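First comes the structure, then the notes that go with it.
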Amino acid sequence: MIEGYAVPDFISDFWHYYIAAFTVAGILFSLWLLWSQSVVKPLAPGEQAEVMHPTWDGDLQELNNPLPRWWMWMFYLLIVFGIVYLVIYPGMGKFEGASGWSSAKAWQEEKTRVDAEFDKVFQPFAGKDLTVVAKDPTANKMGEHLFLTYCSQCHGSSGQGATGFPNLTDNKWLFGGTPDDVKASIANGRVAEMPGGLAGDVQGAKEVANYVLSLGGKQHDTALAAVGKAKYAACAGCHGEDGKGIAAAGFPNLTDDAWQYGGSEDEITKSIVKGRKGGMPAQLELLGENKVHLLAAYVWGLGGGQKPILVAPAAPDVAPADATAPAQ
Ligand code: HEC
Ligand code: HEC
């Protein structure tokens with residue numbers, strides 16, 4: 001059960017009593033209304049109902065006929081139904097109802113049931129090497145569907161990205177492109193933050209922006225870039241002296257063409273003035289291990305995936321012969 005969902009949304013007991021009081025008052029009022037109308041006795045055979053208004057439009061009259069009994073009983077039954085309902089189901093303020101039913105619990109049960117069903121489909125790929133899963137057409141199709149459901153709103157339907165949301169199909173990675181890196185990005189989320197105002201005012205930012213463009217060998221204003229060079233000292237700690245960033249640490253390379261926020265002079269200036277803070281929401285808790293695994297394989301296989309880092313076999317556990325070692 002997801003914590004917090006089963007708790008009724010009352011911030012204080014006041015609202016619980018407020019709603020409960022209105023509910024009870026509503027029922028009592030309906031009862032009183034019905035009772036007050038039943039006091040009017042049904043007409044005896046041959047008796048004429050009281051005339052409320054004089055005749056108009058020729059022969060139209062308004063009479064005060066008592067309400068039909070069957071109609072009254074229908075309303076009494078409705079009230080009984082309402083009371084029984086309020087005893088069984090939640091509705092009376094925060095009283096949970098005798099059955100303990102709640103929409104949150106019903107949702108959770110349904111989700112558990114569906115998850116169990118889908119896990120059977122995902123199971124064959126669970127724990128399998130991501131590079132192998134990425135080549136499996138069935139896994140790929142499932143990964144694509146999951147991506148369209150959970151990721152496309154930010155990264156685009158084919159992972160091509162958008163301003164502020166990285167392209168996942170190229171081989172430029174903010175946080176690394178090995179299968180494990182990609183899976184970690186998806187499972188645990190990523191946050192990368194650059195404070196704003198590091199180059200002083202907008203003019204200062206524009207100068208550094210031109211220096212950044214020069215680092216990437218792109219068209220720039222040489223006079224501005226020359227002034228910006230000194231100010232770039234404030235950037236080098238994260239983006240490196242050469243502007244190539246720190247791969248896999250989330251400090252982007254400023255010399256390539258993969259821009260998360262845009263690579264024009266204006267856009268770079270804006271990044272520097274405002275600062276940037278991209279957030280990739282963690283998915284593991286929401287989606288579970290099996291879906292994250294399929295998504296990682298799918299994203300890795302979109303074209304930009306880098307080779308897994310092979311772990312070198314452990315050195316043999318034998319100490320080298322050493323002449324100076326004391327004889328056993
Ligand atoms: C709310 C928007 C949002 C959603 C939804 C989202 N992402 Fe992201 N994702 C981002 C942002 C923003 C970044 C870059 C984070 C940063 O700049 O620090 C990112 C980064 C990534 C990265 C790392 C990219 C790199 O260059 O290293 C991967 C991989 C990724 N997302 C995959 C996914 C997958 C798969 C899903 C669907 C389960 C998903 N994302 C859903 C916004 C989102
Ligand atoms: C504390 C580390 C840090 C410092 C210092 C820093 N940056 Fe950044 N910068 C980042 C991070 C992290 C990101 C990525 C933000 C994101 O993913 O949302 C970034 C993003 C950027 C971007 C956007 C890149 C894109 O792909 O659109 C530009 C441009 C940039 N920095 C330039 C600079 C310049 C110029 C300076 C110096 C004035 C500087 N940064 C100083 C960490 C830093």
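What residue among LYS291, LYS244, LYS183 has the largest mean-square fluctuation in a Gaussian network model of the chain, using Cα springs under 10 Å?
Sorting by GNM fluctuation, first place goes to LYS244.
Express the relative contact order of the stretch 13-88 as a whole percentage, based on alpha carbon pairs under 8 Å and six or more residues apart in sequence.
Working: 40 pairs, mean separation 20.6, N = 76.
For the stretch 13-88, the relative contact order is 27 percent.
Determine ³J(HN,Hα), in whole Hz, for all residues of the stretch 201-210 in sequence, where each value follows from phi through the Karplus function 6.51 cos²θ - 1.76 cosθ + 1.60 and θ = phi - 60°; x replaces Gly and Pro.
7, 4, 4, x, 5, 5, 5, 5, 4, 5
5 Å is the cut-off here: which amide hydrogens, built 1.01 Å from N in the peptide plane, fall below it relative to GLU62, excluding neighbours closer than 5 in sequence?
MET52, HIS53
Take each of the peptides 21-29, 143-151, average the number of other beta-carbon atoms within 10 Å over its residues, and list them starting from the highest.
On the way: 21-29: 12.2, 143-151: 17.4.
Averaged packing, sorted descending, gives the order 143-151, 21-29.
How high is the FRET efficiency between TRP101 and ALA236 when r is their beta carbon distance and R₀ equals 51 Å, given to the nearest 0.05?
0.25
What list of ³J(HN,Hα) couplings, whole Hz, do you get for the stretch 88-100 from phi and the Karplus terms 6.51, -1.76, 1.60, once you set θ to phi - 60° and write x for glycine and proline?
7, 10, x, x, 8, x, 9, 4, 7, x, 5, 7, x
Check ILE246: other-chain or 5+ apart residues with amide H under 5 Å from its amide H, H built from backbone geometry?
When sequence neighbours closer than 5 places are left aside, the close amide H contacts are PHE251.
Just to confirm the number: angle between the C-alpha axis of helix 13-38 and the first principal axis of the chain, 0 to 90 degrees, nearest 10?
It works out to around 20 degrees.
Using only alpha carbon pairs under 8 Å that are at least six residues apart, calculate the relative contact order of the chain and give it in whole percent.
Value for the chain: 19 percent.
Starting from the Cα of LYS105, draw a straight line to each of the lysines and keep only those under 24 Å, dropping any in the same chain fewer than 8 residues away.
LYS94, LYS120, LYS291
If you build a Gaussian network model of the chain, linking Cα atoms that sit under 10 Å apart, which residue out of SER12, SER102, SER157 swings the most?
Top of the fluctuation ranking is SER12.
Could you tell me what fraction of 2.2 N^0.38 Å the Cα radius of gyration of the stretch 13-88 comes to, as a two-decimal ratio? The partial results should precede the final answer.
On the way: Rg = 18.3 Å, N = 76, 2.2 N^0.38 = 11.4 Å.
Cα Rg divided by the expected 2.2 N^0.38 Å: 1.61.
Principal axes first, then extents: for the Cα atoms of the chain, list largest minus smallest coordinate on each axis, whole Å, largest first.
125, 70, 43 Å, listed from the longest principal axis down.
Tell me the label-point distance for the pair ALA223, GLN108, using the 7 Å Cα-to-Cβ offset, in nm and rounded to one decimal.
Result: 6.8 nm between the two label points.
So what are the radius of gyration and Dmax for the Cα set of the stretch 161-285, in Å?
In Å, with Rg to one decimal and Dmax whole: 14.7, 51.
Read phi for every residue in the stretch 148-155 and hand back ³J(HN,Hα) as whole Hz from Karplus 6.51 cos²θ - 1.76 cosθ + 1.60, θ = phi - 60°, with x for Gly and Pro.
5, 6, 9, 10, 5, 4, 9, 8
Over all directions, average the projected area of the Cα convex hull of the stretch 133-198 and note it in nm².
Working: hull surface 21.8 nm².
One quarter of the hull surface, i.e. the mean projection, equals 5.4 nm².
Report, ordered by chain and residue number, the lysines lying within cross-link reach of LYS229, taken as a straight Cα distance under 28 Å and ignoring same-chain residues fewer than 8 apart.
Straight-distance partners of LYS229: LYS172, LYS206, LYS218, LYS244, LYS270, LYS274, LYS277.
Around SER158, which amide H atoms from residues at least 5 apart in sequence, or from another chain, sit under 5 Å from its own amide H, with H modelled in the peptide plane?
Those lying under 5 Å, H to H, from SER158: there are none.
Determine the shape class of the stretch 175-219: with a ≥ b ≥ c the square roots of the Cα gyration tensor eigenvalues, call it rounded for a/c under 1.5, and otherwise prolate if a/b is greater than b/c, oblate otherwise. Let's see the in-between values first.
Numbers: a/c = 6.58, a/b = 1.99, b/c = 3.31.
Note, shape of the stretch 175-219 comes out oblate.
Stretch ASN188-LEU28 to full length: gain in nm at 0.36 nm per residue minus the Cα-Cα span?
On the way: separation 160, 0.36 × 160 = 57.60 nm, distance 5.42 nm.
Between ASN188 and LEU28, full extension yields an extra 52.2 nm.
Counting only Cα, what are the radius of gyration and maximum Cα-Cα distance Dmax of the stretch 69-213, in Å?
For the stretch 69-213, the Cα radius of gyration and maximum Cα-Cα distance read 27.3, 90 Å.
Which order do peptides 61-67, 136-142 fall in by mean Cβ count within 10 Å, highest first?
Working: 61-67: 12.1, 136-142: 15.6.
Top to bottom by mean Cβ count within 10 Å: 136-142, 61-67.
Between ASP119 and LYS94, what is the label-to-label distance in nm when each label sits 7 Å out along the Cα-to-Cβ direction?
The answer from the label model is 3.3 nm.
None of the figures in this text is laboratory data; all of them are computed from the coordinates on show. Computed from a predicted structure; not experimentally measured. When we count neighbours, we look across all protein chains shown, and the Cβ atoms used for this are built from the backbone with ideal geometry, even at glycine.
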